[in-house]
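Have a look at the structure below, then the notes.
The values are calculated or read from the model by the stated rules, or taken from the named source; none is laboratory data. Because the structure is predicted, anything quoted here is derived from the model rather than measured. All Cβ positions, glycine included, derive from the backbone under ideal geometry; neighbour counts span all protein chains shown. Each accessible area value is taken on the protein alone, full model and side chains, heavy atoms only, with ligands, DNA and RNA left out. Shrake-Rupley method; radii C 1.70, N 1.55, O 1.52, S 1.80 Å.
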Amino acid sequence: MADNKTAHDAPLLEVSNLRVAFPTRTGMAEAVRGVSFSLGREKLGIVGESGSGKSMTGRSILRLVPPPGRVSADRLAFNGEDLLAASPRRLREIRGRRIAMVMQDPKYSLNPVMTVGRQIAEAYRVHSKAGAAEAKRRALEMLAAVRIRDPERVYDRYPHEVSGGMGQRIMIAMMLIPDPDLLIADEPTSALDVTVQMQVLAILDDLCSQRGMGMIFVSHDLNLVASFCDRILIMYAGRVVESCRASELHAAQHPYTRGLLASLPRIDEPPGDLPVLSRDPVWLTAGREA
Amino acid sequence: MMIDIRDLQVRFGRGVDAVTAVDGVTLSVREGESFGLVGESGSGKSTVLRAVSGLNDEWTGRIAVAGAEQGPVRQTGFYKLCQMVFQDPYGSLHPRHTVDRILAEPIAIHGLGDADARIDRVLRDVGLGPAFRFRYPHQLSGGQRQRVAIARALVLEPRVLLLDEPTSALDVSVQAEILNLLRRLRAEHGLTLVLVTHNLAVVANLCDRLAVMNRGRLVEEMSVEELRRGAARQPYTLQLLRASQGYDRATAESFRDYA
Amino acid sequence: MTARTDTPSAPRPAGWRDWLTTDTPQSRAQARLGRAWAGWTAFRRNRLAVAGLLIVLALVIVAALAPVLAPHHPYAQDLNNRLMPPSAAHWLGTDAFGRDILSRLIHGARLTLMIVALVAATAPLAGLVIGTAAGYFGGWVDTVLMRITDIALAFPKLILALAFVAALGPGIENAVIAIAITSWPPYARIARAETLTVRRADFISAARLQGASSLRIILGHIMPLCIASLIVRTTLDMAGVILTAAGLGFLGLGAQPPLPEWGAMIASGRQYVLEQWWVAAMPGLAIFIVSLGFNLLGDGLRDVLDPKGD
Ligand SMILES: Nc1ncnc2c1ncn2[C@@H]1O[C@H](COP(=O)(O)OP(=O)(O)OP(=O)(O)O)[C@@H](O)[C@H]1O
Ligand SMILES: Nc1ncnc2c1ncn2[C@@H]1O[C@H](COP(=O)(O)OP(=O)(O)OP(=O)(O)O)[C@@H](O)[C@H]1O
Ligand SMILES: [Mg+2]
Ligand SMILES: [Mg+2]
């Protein structure tokens, strides 16, 4: 653990010209087309419409792009270590222990025929040599930390017996239990109600500010990202079209970003049709560095 | 009253492990109204919908839909009256069925006949053309899948549509499209909507009235005008309103559990 | 990218290939064929699987055309030419009664194919019905059905088959029945496991909300998701079925002489195995090749059909 507590200004993650491509019948389809950014011990938000490549960007960092997808990059380094050159064994060590990822679709990521408690405990035991009792104790603590009431009871439930929001918190607990240095959270709170969401985010926030954890936060919720993150990348069709400080999102310039913001319903507005995006082909080519 | 629920109780499990997921909920929704159900995660919102729709048969209390008292097990005719749309567009369509088959099945079950015309009409209704008719779900985007799920619910021409977080898995511009679609369908077909969501802004956009749930109980009912003015009475609702304004570390600290 | 409200225009497809691979099929049949085509394209990429398919196809063709292909009658004895080594007249030699081994193998392909087809048509089907019912209904239905399955599974397969044949009397039909009865439990297990992972899925709830009966849900929604893994498993098991049938034949409990069943042929050649090796080796080779073919095919099918691959 001591080796990675480098100076705070050294980037935790460097990504340059990241590309993810899938072979299709008509040639290679690029899901991510040259994304570059670097991440310190901060909270980086990635927003953008569905299919813009947010998840693929997150997954490619851990080399979890589903086959036959291919990842290439000029540089993809975690703590100075080249992830593209890492052996499968080294990658397995890094995954979970150093970099954790909360996947979209918690219901699909949980094993439907194993109790959720056991799944969390297993996640802990894979990375530490803890015994069964110790793992269970830690799992219960973690469930309590993500604001699950009655952890003892939830521990013995199967995934179909927990509500959507509980499933998401269980996933978060599972990912946080090995104490990672970098958390990639793909829509981690989309099924949570706003109060619990805020409490779970507070936990993540504290981990970032107290332990110096870095975080990539993928979300559709522009207001949330604007208030939670430090910096934001806005993706469209596999590119970063705009990046800004989170506090300045509402002053964003790009018409795409403006369109996304406009399509949000607001509590203080009367009901009525919402403007929907109309896409401009120019957005496909005009990319920017982050 | 289109939907009338009195003192609904739903319990899961037996003995010491029993959970009371819904504890004495009473609410009613007028015909043609759009009703929002919001509240904490795990507070029993989905469970209420599942009891009304007939998916859950272990409840006590009284549920009446369109004036007819409903027992735990529904008659086949009930499903022509009341349909439901699920949260996850990736899990609610059978992966090996084409859109055509998905939409043809309810028609076959209810012996409605004239399947081709009905399928074409309902696909057009949800803004998908006939070109989508023979696609498999994996050939559709999330928003398109959700439209298919809505089409499946509409194909029986129900009068009540129960929606369990229909847009929370979708991005904001698709969410806007689906909300616009629901508003139009409601106007065209005189649908009664019950919408479960976490997003108060969605409620403000689509609903006339809402109820707030916490820990299996209904804590407050209010109109959308009151919501817009922030005129909530219960502390839990006020907390929900504060949480809707975006993340703030200090606000998160101030939150507490209301039992 | 996600297409939106706009209806994708459907240009007139150019060739049959485009017609099959289009994203906007115009009819049920086209959608189905397109899916089959996509599966075939994936399957074709696996050389070994194609080899397996060719072996299995060859077995079918040989069995269908046996009287035409076989140079001699399988029962025609010629005691002057007993135990002749492979030669131009008898490519694979002759057996202890001077019968042409090649001809017997060719006719034996019919028996092998029949055994395989009968077992493949019964055991997986029984397993599918029992497993999906147990998984879908749960509760006491599940308990009862799975206890029965466990009990059936606890007996060693060949021994149980032996016991059945002993009770029913030797013969190829009884051997098939015995094999089918002893091989359904693993299929039931697989079908139940698959059912358990999907029965809570929203699309099953949605089907119930359409008013679909349990029968309709099991047949139309759950079984299609189990079938892929069952087909794979069945294909992989066929090698074992052939070997079990041959084993029963070898022990004299399966096909009875003079039927040219491959296992029985090995048995009758075993007393000459040191000097006239071809009498036992040729049917052995046939069993080996056909088993290998089914295994390769099954592996290839797994890559194409396994739903987890989607
Ligand atoms: N297995 C695959 N084969 C081919 N293309 C794929 C595959 N998986 C994803 N893609 C494509 O990659 C692109 C980016 O997908 P990604 O999942 O990163 O989107 P996203 O921004 O996370 O969207 P969402 O908000 O819906 O989760 C999409 O256009 C998608 O079609
Ligand atoms: N099949 C089940 N068995 C046991 N408990 C269940 C089952 N289904 C739901 N529950 C419990 O009932 C309670 C209410 O669940 P429900 O799904 O209705 O919540 P919800 O309000 O929809 O939450 P969310 O917003 O997170 O989806 C939860 O505590 C949940 O764990
Ligand atoms: Mg994604
Ligand atoms: Mg719910």
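Can you check what the Kirkwood hydrodynamic radius comes to for the stretch B:194-259, Cα pairs only, in Å to one decimal?
That comes to 12.5 Å for the stretch B:194-259.
Both radii are taken from the alpha-carbon atoms of chain A; with Rh as the Kirkwood radius, Rg/Rh is 0.97. Given a 1.4 Å probe and the protein chains as shown, A:Glu49 ends up with an accessible area of around 0 Å².
Principal axis extents of the Cα atoms in the stretch B:3-254, from largest to smallest and rounded to whole angstrom, are 54, 40, 34.
Compared with its chain on its own, the stretch A:215-244 contains the following residues whose accessible area drops by 40 Å² or more in the full protein assembly (probe 1.4 Å; ligands, DNA and RNA excluded): A:His220, A:Ser227. For the modelled label position 7 Å from the Cα of B:Leu238 along Cα-to-Cβ, which residues of the stretch B:180-220 have backbone nitrogen atoms closer than 15 Å? Answer for the stretch B:180-220: B:220.
Interface residues of the stretch B:176-190, defined as those with an accessible-area decrease of at least 50 Å² between the chain by itself and the complete set of protein chains (probe 1.4 Å), are B:Glu177, B:Asn180.
Each stretch of four or more DSSP H residues adds -39500 (n - 2.57); spread over every residue of chain C, this sum gives -23000 deg cm²/dmol at 222 nm. Of interest is the spacing of the C-alpha centroids, which for the stretch B:50-90 and the stretch B:192-207 amounts to 20 Å.
Excluding same-chain pairs closer than 8 in sequence, count the lysine pairs in chain A whose Cα atoms lie under 26 Å apart.
Lysine pairs, 8 or more places apart or on different chains, close enough: 6.
Computed in the context of the full set of protein chains, the accessible area of chain C at 1.4 Å probe radius has 67% of its extent on carbon or sulfur. In terms of its alpha-carbon gyration tensor, the stretch B:91-139 comes out oblate; a/c meets the 1.5 threshold, while b/c is at least as large as a/b.
Taking one quarter of the surface of the C-alpha convex hull of chain C gives a mean projected area of 21.4 nm².
Checking the a/c ratio against 1.5 first, then a/b against b/c, what shape does the Cα gyration tensor give for the stretch A:130-233? In terms of gyration-tensor shape, oblate. Interface of B with C. Using a 1.4 Å probe and counting protein heavy atoms only, the two chains hide about 3300 Å² of accessible surface, both sides summed.
Would you calculate a helix-derived [θ] at 222 nm for chain B, using -39,500 (n - 2.57) for each DSSP H run of n ≥ 4 and dividing by the full residue count, to the nearest 500?
Computed ellipticity for chain B at 222 nm equals -10000 deg cm²/dmol.
Surface burial for B against A, with a 1.4 Å probe and both sides summed, reaches about 3800 Å² of accessible area. In the context of the full set of protein chains, residues of chain A present 41 Å² of accessible surface per residue (probe radius 1.4 Å, heavy atoms only).
Which whole-angstrom value gives the distance between the alpha carbon centres of the stretch C:81-110 and the stretch C:222-266? Each part's Cα centre sits 23 Å from the other's. Using a 1.4 Å probe on protein heavy atoms only, how many Å² of accessible area do A and C hide from each other, summed over both chains and rounded to 100? So the buried area, both faces added, is about 700 Å². Packing, as the average of other Cβ atoms within 10 Å across residues, places the peptides B:162-168, B:109-115, A:120-126, A:181-187 in the order B:162-168, A:181-187, A:120-126, B:109-115, highest first.
Calculate the FRET efficiency for B:Thr76 and B:Arg30 from the Cβ-Cβ distance with a Förster distance of 25 Å, rounded to the nearest 0.05.
0.45
Tell me, which residues of the stretch B:71-85 get at least 40 Å² less accessible area when the other protein chains come in, versus the chain alone (1.4 Å probe)? Going by heavy-atom accessible area, the residues of the stretch B:71-85 that drop by at least 40 Å² are B:Tyr79. Annotation: amide H-H contacts under 5 Å for B:Arg217 (H modelled 1.01 Å from N, sequence separation of 5 or more, or interchain): B:Asp23.
Across C:Trp40, C:Trp277, C:Trp91, the residue with the most accessible area heads the list, and the full order at a 1.4 Å probe is C:Trp91, C:Trp277, C:Trp40.
Shape call for the protein assembly as shown from the C-alpha gyration tensor, a ≥ b ≥ c root eigenvalues: rounded (a/c under 1.5), prolate (a/b greater than b/c) or oblate?
Judged from the Cα gyration tensor, the protein assembly as shown comes out prolate (a/c at least 1.5, a/b above b/c).
Each Cα pair under 8 Å and six or more residues apart adds its sequence gap; the mean of these over the residue count of chain A is a relative contact order of 23 percent.
Calculated accessible area for the stretch B:3-254 comes out at 34 Å² per residue, all protein chains present (probe 1.4 Å; ligands, DNA, RNA ignored). The Cα center of the stretch A:185-214 and the Cα center of the stretch C:189-209 differ in position by 33 Å. Between B:Asp114 and C:Gln26, the FRET efficiency from the beta-carbon distance, with R0 = 25 Å, is close to 0.80.
Across the stretch B:3-254, the mean sequence separation of Cα contacts (distance under 8 Å, 6 or more residues apart), normalised by length, yields a relative contact order of 26 percent. Remark: the stretch C:14-67 carries 60 Å² of accessible area per residue (probe radius 1.4 Å; ligands, DNA and RNA excluded).
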